[in-house]
Amino acid sequence: MRNIDEHNITDAVIARLGDGRDARLTEVMTALIRHLHGFVREVRLTEREWEQAIGFLTATGQQCDARRQEFILLSDVLGVSMLTVTMNQSRPEGATEATVFGPFHVDDAPHCASGADIAQGAPGTPLDVHLEVVDLQGRPVVGAEVDTWQADEEGLYDVQRPELGDTRRARGVFLTDAKGQVRFSSVLPMPYPVPTDGPVGQLLLATGRHPWRPAHIHFRIRAPGFAPLITHLFHEGDAYLDSDVVFGVRSSLVAEFERVGHGDAARHRLRHRFVLAPAQAPGSDLPA
Ligand SMILES: [Fe+2]
């Protein structure tokens with residue numbers, strides 16, 4: 001086909017997908033091309049803006065490494081992550097709701113025994129966490145893997161502190177005991193801005209958006225026979241609960257981080273019960 005113009009190019013590109021062996025890939029690519037071309041036509045994209053877009057995506061990729069995932073951050077701030085979660089994670093009544101995974105999980109977090117102090121020197125007010133993992137009938141889920149990670153009181157994850165090298169802190173992986181419970185100590189998380197030193201942060205600033213997330217702790221809970229749960233617990237009263245830069249707050253995930261003691265003896269206490277949905281629940285297709 002020759003003499004392509006702005007009106008027939010979309011059909012011409014989609015027509016080239018004809019030999020795809022993966023029907024789902026063909027479906028996704030057809031829609032992607034249609035919407036992408038529609039977007040380019042709608043904004044009347046200039047060649048200069050095309051160059052800027054290529055530069056932005058290139059910089060986003062170059063910002064990624066084993067410790068930083070700028071593309072997840074881009075997806076998060078554009079609401080794509082949360083849109084995907086809400087479409088795929090409709091759970092039965094009573095099951096704990098899911099939210100975004102975020103860019104700060106690592107695969108090599110230390111495996112800890114219940115009762116461990118995962119702070120490992122992270123700055124912050126001590127926090128005692130007592131979790132329970134149950135099924136929809138309230139029965140304990142024994143041996144569930146509870147992977148948790150969080151920022152410290154300066155709003156930084158360990159992977160954002162180059163001075164720590166490969167040292168992991170304020171994160172850990174636990175197994176629930178015979179009562180379906182896990183206890184650990186950590187530090188009280190504080191609100192933090194997502195990284196603003198990369199292309200996604202520049203995009204936020206250029207579009208007049210603040211970069212803050214309300215204080216939270218991340219959890220990924222997995223157990224045989226249950227849908228994997230990726231979620232957070234947010235700090236009740238946080239100023240950013242209604243303007244989370246990644247749109248991840250759900251009312252059911254806001255918890256009380258109760259203050260106990262005063263002065264130097266001040267601690268906080270968090271108790272929460274996670275309710276897992278069975279693996280066969282609709283939309284439970286997150287990778288295990
Ligand atoms: Fe986070």
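What follows is calculated from the coordinates using simple rules that are stated; it is not laboratory data. If you're wondering where the values come from, they're calculated on a predicted model, not measured in any experiment. Heads up, the Cβs are rebuilt from the backbone with ideal geometry, glycines too, and the neighbour counts pull from every protein chain shown.
Evaluate the relative contact order of the range 1-146 (contact order divided by residue number), counting alpha-carbon pairs under 8 angstrom at least 6 apart; express in whole percent.
Worked out over the range 1-146, it gives 12 percent.
Mind checking which helices in the chain clear 27 Å along their axis (Cα) and have mean Kyte-Doolittle hydropathy of 0.0 or more, DSSP H runs only?
Span-like helices here: 23-43.
Quick check: net charge around Glu236, other residues with Cβ under 12 Å of its Cβ, Lys/Arg +1 and Asp/Glu -1?
Local net charge: -2.
Distance between the C-alpha centers of the range 101-158 and the range 222-240? Whole Å please.
If you average the Cα positions of each part, the centres end up 11 Å apart.
Determine, for each peptide in 260-267, 53-60, the mean count of other beta carbons within 10 angstrom over its residues, then list the peptides with the highest first.
Most protected by this proxy first, the peptides run 53-60, 260-267.
For the range 188-288, what does the alpha-carbon gyration tensor say about shape, rounded, prolate or oblate, given a ≥ b ≥ c as the root eigenvalues, a/c under 1.5 as rounded, and a/b over b/c as prolate?
Oblate.
Quick one: net charge of Val40's neighbours, Cβ under 10 Å, K/R +1, D/E -1?
The answer is -1.
Under 1.5 on a/c is rounded, so check that first for the range 117-171, then, if it is not, pick prolate when a/b is larger than b/c and oblate when it is not; a ≥ b ≥ c are the square roots of the alpha carbon gyration tensor eigenvalues.
Prolate.
State whether the range 70-275 is rounded, prolate or oblate according to the following rule on the C-alpha gyration tensor (a ≥ b ≥ c being the square roots of its eigenvalues): a/c under 1.5 gives rounded; otherwise a/b larger than b/c gives prolate, and the remaining case gives oblate.
Taking the square roots of the gyration eigenvalues as a ≥ b ≥ c, the range 70-275 is oblate.
For every other residue with a beta carbon closer than 13 angstrom to the beta carbon of Leu17, add +1 if it is Lys or Arg and -1 if Asp or Glu, then tell me the sum.
Charge balance in the 13 Å sphere: 0.
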